[in-house]
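S.K.: Would you mind keeping the following structure in view while I ask a few things?
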C-alpha cells in the first residue's frame with residue numbers, strides 16, 4: 001500500500017471516530033434531557049396531587065358544620081285547657097261596703113283553697129262566712145284589714161288554711177300556660193285600671209287580684225275568675241293584656257304601676 005493511501009485511510013478513520021463521538025454525545029444529551037423532562041413531569045404530578053389534596057382539605061374545612069338538631073319544646077301544650085275551680089265573688093251578697101271592696105285577695109285565696117279540696121258547689125252564705133273569717137284573722141294578726149302583696153297573701157293562705165302558694169317572678173305567657181296545664185291555679189295581683197274590665201265601676205280599682213284558671217289559644221286569651229264583678233266567672237283577658245296588667249302591691253295603691261311582675265302559684269290539684 002502506498003504511503004499516500006495510508007495517509008488518506010488514517011484521516012478517514014480520524015473523521016469517522018470524531019463523527020461517532022459526536023453522535024454518541026448528542027444521543028446522551030437527549031437522553032439526559034428526556035430524563036430531566038420525565039423527572040420534571042413526575043415532580044409536577046406529585047405537586048398537583050398535593051395541591052388537589054390541599055384544595056380538598058380546604059373545601060372540607062370551609063364547609064358549614066352540620067347543624068345540631070333543634071330540640072323540641074319540653075312540653076307540647078294543648079291548645080285549650082281549663083281547671084274547673086269554683087267562682088268566689090268578693091261580695092257574695094253584692095254589698096259593696098269597705099270590707100268587701102278590699103276583699104279580692106280573700107276571694108282569690110278561697111278559690112285556691114276550695115280548688116285544692118275539689119269543692120265547687122258552694123253556698124253564698126258559706127263564702128261570706130269564710131271571707132269574714134279571713135278578714136277577722138288579718139285584723140287579729142296584722143292589726144287591720146288592708147291590701148296585701150303576694151308574700152302577705154301567701155302567708156295568710158298558709159297560716160289560715162295551711163295552703164301552700166309559691167311566688168313566681170316575671171312570668172311569661174308560656175310559663176303561665178304551662179302552669180295552668182299542670183292543673184294549678186295562678187293568683188294574679190294587677191293594676192285594676194290597666195286590666196280595665198268593662199264591668200268595673202269606672203274607673204275601676206287601682207289594685208285588684210284575680211285568678212287564672214285556664215287559657216284558649218283559639219282566642220289568644222287567659223280564662224280567669226275575676227271576683228270583682230258578678231260577671232267575672234270564666235272571664236277572658238287577652239294573653240298580653242293580662243301580663244301587662246300584672247303588678248304586685250308596692251305599699252301604696254297610687255304607686256301600683258311600680259309594683260313588680262309577680263304571681264302566686266297553687267299546688268297541683
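Each reported figure results from applying straightforward, stated rules to the coordinates on display, with no laboratory input. Worth saying up front: this structure is predicted, and the values here are computed from it rather than measured. Counting neighbours? That spans all protein chains shown, and the Cβs are built from the backbone with ideal geometry, glycine included.
S.K.: Give me the distance in nm between label points sitting 7 Å out from Cα along the Cα-to-Cβ direction at residue 253 and residue 99, one decimal.
M.R.: My value for the distance between the label points is 1.8 nm.
S.K.: OK, next. How far apart, in nanometres, would the label points at residue 129 and residue 199 be if each is projected 7 angstrom from Cα along the Cα-to-Cβ direction?
M.R.: 2.6
S.K.: Please tell me the relative contact order of region 99-182 in percent, rounded to the nearest whole number, where contacts are Cα pairs under 8 Å and at least six residues apart.
M.R.: Reported relative contact order: 28 percent.
S.K.: With N set to the number of residues, divide the alpha-carbon radius of gyration of region 80-160 by 2.2 N^0.38 Å and report two decimals. It would help to have the intermediate numbers written out before the result.
M.R.: Values: Rg = 12.6 Å, N = 81, 2.2 N^0.38 = 11.7 Å.
Relative to the rule-of-thumb radius for its length, region 80-160 sits at 1.08.
S.K.: Let me ask something additional. Once you have a ≥ b ≥ c as the square roots of the Cα gyration tensor eigenvalues for region 80-266, tell me rounded if a/c is under 1.5, and otherwise prolate or oblate according to whether a/b is larger than b/c.
M.R.: Details: a/c = 1.33, a/b = 1.19, b/c = 1.11.
Judged from the Cα gyration tensor, region 80-266 comes out rounded (a/c under 1.5).
S.K.: Something else about it: Can you pull the one-decimal nm distance between simple spin-label points at residue 244 and residue 118, each 7 Å off the Cα toward Cβ?
M.R.: Distance between label points: 4.1 nm.
S.K.: At a Förster radius of 41 Å, what calculated FRET efficiency corresponds to the Cβ-Cβ distance of residue 217 and residue 142, to the nearest 0.05?
M.R.: 0.50
S.K.: A further question follows. Which whole number of Å³ per residue matches the convex hull of the alpha-carbon atoms in region 184-269?
M.R.: Normalising the Cα hull of region 184-269 by residue number yields 92 Å³.
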